[in-house]
Amino acid sequence: MSNVTNFTLTEEMVEQFYREGYFYAPGFITQETVDAINAENAEFANAKGDGQWKSKGITNIAKEQGEYPRTTEFLTEPDIVRIFERIVGDQVRLWMGMYAVVAPHGSGLEWHQDNQYTHILGHMFNGFIALDSITQENAGLWLAPGSHLKGRQPNLNAEGAHRRAADPENGMPCKPMLPGDAVFFHRETLHHSKQNHTDKPRRAYAFQVASAICRYAQTGKLLEDRELLSGYRK
């Protein structure tokens, strides 16, 4: 069973990723895969929280595949891994997979870069897959084209809070997304989401993938504590 549709990664998309910090991938995974991922995370999505953004992450596929078989299956799908490898030009490691929910009438996160959290050196990207129809009505994603070229930005929030960068002048809303559509963006591309104005949770799957030769900035060590996706499934 394949999780990817007939989506084709083009060289123009890869070039846009490096030039502008993002590209769209319409119909990246199938509706059946969307439904399966939502089913595996339904209890978390519907659980009452503080009314804001929340997420449930995985970093170890071997440990998580029993509880989340379809979620981990799509992340290790050979056709999908080959797309990841083309983007970075190397074998890839999973940094994190994350089921992300903005509660009904809740708020998303402020402008930030994911590299403001753990500082990593090397080619790395985020994937954001819509698991619902997503527009600005229900906390759609915003991006700042070219912001990845300015490097890692200082965190303006206190330690312990979510990271925050200065608001960019060129922030733009992403296109409306159907379930299964994705947008890929550089780990240093500024992004955020606003308010969910609906009575339903906004569900998405976000993941971060690193080149196999990425290193921790503080230690210089390779990310060998993260699993290689290349060849995970033969």
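Which of the residues belonging to the stretch 43-69 are crowded, with 18+ Cβ neighbours inside 10 Å, more than 26 Å from Phe17 (Cα to Cα) and touching a residue at least 40 places away in the same chain (Cβ under 8 Å)?
Selection gives Ala45, Trp53, Ile61.
For the condition closer than 21 Å to Ala103 by Cα and either without any contact (Cβ under 8 Å) to a residue 12 or more places away in the chain or touching a Phe, Trp or Tyr at 6+ places or on another chain (Cβ under 7 Å) (or both), what is the one hit in Arg202, Arg164, Arg187?
Numbers: Arg202 fails: either without any contact (Cβ under 8 Å) to a residue 12 or more places away in the chain or touching a Phe, Trp or Tyr at 6+ places or on another chain (Cβ under 7 Å) (or both); Arg187 fails: closer than 21 Å to Ala103 by Cα.
Result: Arg164 is the single residue among Arg202, Arg164, Arg187 that is closer than 21 Å to Ala103 by Cα and either without any contact (Cβ under 8 Å) to a residue 12 or more places away in the chain or touching a Phe, Trp or Tyr at 6+ places or on another chain (Cβ under 7 Å) (or both).
Given the criteria acidic (Asp, Glu), at pLDDT 95 or above and either in a helix (DSSP H, G or I) or farther than 16 Å from Gly231 by Cβ (or both), does Glu67 qualify?
No, not satisfied.
Gly127: without any contact (Cβ under 8 Å) to a residue 60 or more places away in the chain and either within 25 Å of Arg70 (Cα to Cα) or out of contact with any Lys or Arg (no Cβ under 7 Å at 6 or more places or on another chain) (or both), yes or no?
no
Select, from Ile134, Ile129, Ile120, the only residue that is surrounded by 20 or more Cβ atoms within 10 Å (Cβ to Cβ), over 25 Å from Cys214 (Cα atoms) and either in contact with a Leu (Cβ under 8 Å, 6 or more places away or on another chain) or of a type outside the set (Lys, Arg) (or both).
Within the list Ile134, Ile129, Ile120, the selection yields Ile134.
Name the pairs whose Cβ atoms lie under 7 Å apart, with the first residue in the stretch 93-121 and touching a residue at least 40 places away in the same chain (Cβ under 8 Å) and assigned to a loop (DSSP other than H, G, I, E, B), the second of a type in the set (A, V, I, L, M, F, W, C) and crowded, with 22+ Cβ neighbours inside 10 Å, and 6 or more positions between them or separate chains?
Gly108/Val102; Gly108/Ala139; Trp111/Ala165; Trp111/Leu190; Gln113/Ala165; Gln113/Leu190
Scan the stretch 185-225 for residues that are in a strand (DSSP E or B) and of a type in the set (Val, Ile, Thr) and jot them down.
Selection gives Val209 alone.
The values are calculated or read from the model by the stated rules, or taken from the named source; none is laboratory data. Fair warning: this is a prediction, and the values are worked out from it, not measured in the lab. Positions of Cβ are generated from backbone atoms using ideal geometry, with glycine treated the same way; all protein chains shown enter the neighbour counts.
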